[in-house]
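A.B. asks: The structure follows.
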Amino acid sequence: MRNTSFSALCLMSALLTGACLVPSRMAVAQATSPVALPDTPAGKKFGEWLAALNTGERARMRQFSAANSAPPPNGTVPVDAMTNRHMGFYTASHGYEIGKVIATPSPSRITVALKAKRTGYWMLAGLSVTPEAPHNILGFGFRGTEAPAELLPHKKLSERELRSRADALIN
């Protein structure tokens, strides 16, 4: 019990100072219509991946990875390792919402800003697919990021709103 209380206290302290100093980390995207992914091979495959991830179902994520990954030149697709990584994202986030398509340098590549449903933290996710059908996934790239400026709220959060959001993260 003591460790749980200490962990909650540390999390609360970090959240309150972090929310005050870096409000974009806790930002909630303004109510807008859903962001459409481009009608490209990478855009379509990204949408399929996100749909599989957002179910939170390990079997569905594993099936998606097995069916849609390009095999590496010297081996087989590490389906279980990929599934574990993606399910780790789901466990931490409870799924993602698309905030903004950041880049589509070619029909076979895309970078998207995603917002975690559980925490409101942002992540950039990049995806590359083979240029030829069936456009299997060559690779992913992930990194934390700030919220896109245009998706930040236009007003500061009140103390009550900060406490409510911190409580929601702890509980």
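A.B. asks: Kindly establish whether residue 111 is polar (S, T, N, Q), in contact with a Phe, Trp or Tyr (Cβ under 8 Å, 6 or more places away or on another chain), under 26 Å from residue 34 (Cβ atoms) and open to solvent by less than 50 Å² (accessible area, probe 1.4 Å).
C.D. replies: Taking the combined requirement at face value, the residue does not satisfy it.
A.B. asks: Now a separate question. Can you work out which of the residues in segment 61-81 that are part of a helix (DSSP H, G or I) and open to solvent by less than 40 Å² (accessible area, probe 1.4 Å) is farthest from residue 36 (Cα to Cα)?
C.D. replies: It comes out as 79.
A.B. asks: I would also like to ask the following. Residue by residue through segment 115-165, note down the ones that are among the hydroxyl-bearing types (Ser, Thr, Tyr) and not in a strand (DSSP E or B).
C.D. replies: The answer is 119, 121, 130, 158, 164.
A.B. asks: May I ask you to list pairs of residues, at least six apart or on different chains, whose Cβ atoms are under 9 Å apart, with the first in segment 113-128 being under 16 Å from residue 171 (Cβ atoms) and charged (D, E, K, R) and the second being open to solvent by 10 Å² or more (accessible area, probe 1.4 Å) and not in a loop (DSSP other than H, G, I, E, B)?
C.D. replies: Every condition considered, the pairs that remain are 117/54; 117/96; 117/97; 118/92; 118/168; 118/169.
The values are calculated or read from the model by the stated rules, or taken from the named source; none is laboratory data. Remember, predicted model here, so these are calculated numbers, not experimental data. Positions of Cβ are backbone-derived with ideal geometry, glycine not excepted, and every protein chain shown enters the neighbour counts. In case anyone asks, the SASA skips ligands and DNA or RNA and just uses the protein heavy atoms, side chains included. Shrake-Rupley method; radii C 1.70, N 1.55, O 1.52, S 1.80 Å.
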